[in-house]
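Engineer: Got a structure for you, written out below as structure tokens; questions coming shortly.
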Amino acid sequence: MAETPVRLTEPEIDAALAEVPGWRREGDEITRTYEIRYHGGVALIVHVADVERLIGHHADIDLRWGSVRFAITTHDAGHKLTQADFDLARRIDAIARAHEAAPVE
């Protein structure tokens, strides 16, 4: 049986957020939106999904006509934030840059 991921404390969350500029905390999730044309957004999502499958952690993804929004939390930790969420945020940022998606600030 897999271990439950370790939930971050409030000070740890604050420190982790400082390391992923542009990500915002919304309750027990971190979120970020990127502007990208629809078909580019689909390609971005597929690329992110491939990485998520490999690492065993995923974001909730909302595709709109001109944007993609990612929301990350650790479901296995009771929908609380863990280090894995911030690691995934950094990966998403790198993938978004590769797809020339513009972060919405």
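Taken together, the values in this text are just the output of simple stated rules run on the coordinates, not laboratory data. The shown structure was predicted, so the numbers you read here are calculated from the model rather than taken from an experiment. Please note: Cβ atoms are built from the backbone with ideal geometry, for glycine as well, and neighbour counts cover all protein chains shown.
Engineer: For HIS99 and GLU26, FRET efficiency with R0 = 25 Å and r from the beta-carbon atoms, rounded to 0.05?
Structural biologist: E between GLU26 and HIS99, to the nearest 0.05, is 0.60.
Engineer: Spelling out what I want: for every residue of segment 93-105, take phi, set θ = phi - 60°, compute 6.51 cos²θ - 1.76 cosθ + 1.60 (Karplus), and round to whole Hz; glycine and proline get x.
Structural biologist: The phi angles translate into 4, 5, 5, 4, 4, 4, 9, 6, 7, 9, x, 8, 9 Hz.
Engineer: Let me ask another. Please give the contour-minus-distance gain from HIS79 to ASP62: 0.36 nm per residue of separation, less the Cα-Cα distance, rounded to one decimal in nm.
Structural biologist: Taking HIS79 through ASP62 to full extension adds about 4.3 nm, to one decimal.
Engineer: Compute the signed sum of charges (Lys and Arg +1, Asp and Glu -1) over the other residues within less than 11 Å, Cβ to Cβ, of SER67. Walk me through the intermediate numbers first.
Structural biologist: Details: positive: ARG32, ARG37, ARG64, ARG69; negative: GLU35, ASP62.
That sum, taken over residues with Cβ under 11 Å, equals +2.
Engineer: Can you work out the FRET efficiency for the pair THR4 and ILE55, with r the C-beta to C-beta distance and R0 = 22 Å, to the nearest 0.05?
Structural biologist: After rounding to 0.05, the efficiency reads 0.80.
Engineer: Also, I was wondering about something else. Quote to one decimal, in nm, the extra length available between ALA71 and VAL46 on full extension: 0.36 nm per residue of separation minus the C-alpha distance between them.
Structural biologist: Values: separation 25, 0.36 × 25 = 9.00 nm, distance 1.58 nm.
Gain on stretching ALA71 to VAL46: 7.4 nm.
Engineer: Would you work out the relative contact order for segment 10-103, in percent, from Cα pairs under 8 angstrom that are 6 or more residues apart?
Structural biologist: Working: 123 pairs, mean separation 32.8, N = 94.
For segment 10-103, the relative contact order is 35 percent.
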